1. Condition test on Thr41, is it among the hydroxyl-bearing types (Ser, Thr, Tyr), open to solvent by 90 Å² or more (accessible area, probe 1.4 Å) and modelled with pLDDT of 95 or more?
2. What's the number of the only condition in (1) over 15 Å from the mean Cα position of the chain (by Cα); (2) open to solvent by 60 Å² or more (accessible area, probe 1.4 Å); (3) of a type outside the set (Ser, Thr, Tyr) that Lys109 fails to meet?
3. For the stretch 64-99, enumerate the residues that are open to solvent by less than 70 Å² (accessible area, probe 1.4 Å) and farther than 24 Å from Cys16 by Cα.
4. Between residues in the stretch 81-110 that are within 24 Å of Gly56 (Cα to Cα) and residues that are among the hydroxyl-bearing types (Ser, Thr, Tyr) and outside any strand (DSSP E or B), which pairs lie under 8 Å by C-beta distance while being six or more apart or on different chains?
5. Hey, does the stretch 62-82 have a residue that's out of contact with any Leu (no Cβ under 6 Å at 6 or more places or on another chain) and in a helix (DSSP H, G or I)?
6. Determine the pairs where a residue that is under 22 Å from Leu84 (Cβ atoms) and part of a loop (DSSP other than H, G, I, E, B), located within the stretch 2-18, has a partner that is open to solvent by 60 Å² or more (accessible area, probe 1.4 Å) and among the polar types (S, T, N, Q) with Cβ atoms under 8 Å apart, the partner being 6 or more residues away or on another chain.
Amino acid sequence: MGSSLGLCLGKAPSSCQLFLFFAMGSDVQPGTEMEIIVEETISVRDCLKLMLEKSGLQGDAWHLRKMDWCYEAGEPLCEEDATLKELLICSGDTLLLIEGQLPPPGFLKVPIWWYQLQGPSGHCESHQDQTNCTSSRGGVWRAAFSQGENRMGFQQPVHKEK
């Protein structure tokens, strides 16, 4: 009751293989998932390479996240040398290909914002590592970011004082 059965072409996965769904990005639209069959002993790194190859993507600035029960990006699969079996990945799970490298073990990626009063000249200077925005009260919010971090070409977010 409430179950569906699908008939698929090809050989069924063996008992030591996993049938996985995967999609690009964290905003997965219905019908955009792809499928892959991998050995349960494959490493996260090798599984990521296979998924990138199958989806036609290149580069090493990607990581995998397991989709959680409410269809959102869950925790990243940080241990690239761990096997899918060790990380309790099961057949039918959905993994997400997310752009951006994870920080090395023991490090966090934390955005930092600070407030600086506007100078006497009445304008703010642009710096290579900052995004500035003048507020109506004469202050500036600045977002610091590392060079090369904005790989997707999106404008960096800027917060204004209201």
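1. Details: among the hydroxyl-bearing types (Ser, Thr, Tyr): yes; open to solvent by 90 Å² or more (accessible area, probe 1.4 Å): yes; modelled with pLDDT of 95 or more: yes.
Yes: the conditions hold for Thr41.
2. (1)
3. Cys70, Ala73, Gly74, Ile98, Glu99
4. These pairs meet every condition: Thr83/Thr41; Leu84/Thr41; Leu96/Ser26; Leu97/Ser55; Ile98/Ser26.
5. So far as the stretch 62-82 goes, no, none of its residues is out of contact with any Leu (no Cβ under 6 Å at 6 or more places or on another chain) and in a helix (DSSP H, G or I).
6. Pro13/Ser91; Cys16/Thr41
The values are calculated or read from the model by the stated rules, or taken from the named source; none is laboratory data. On a predicted model such as this, the values are computed, not experimentally measured, just so you know. Reconstructed Cβ throughout: ideal geometry from the backbone, glycine too, with neighbour counts over all protein chains shown. Surface areas here come from the heavy atoms of the whole protein model, side chains and all, with no ligands, DNA or RNA. Shrake-Rupley method; radii C 1.70, N 1.55, O 1.52, S 1.80 Å.
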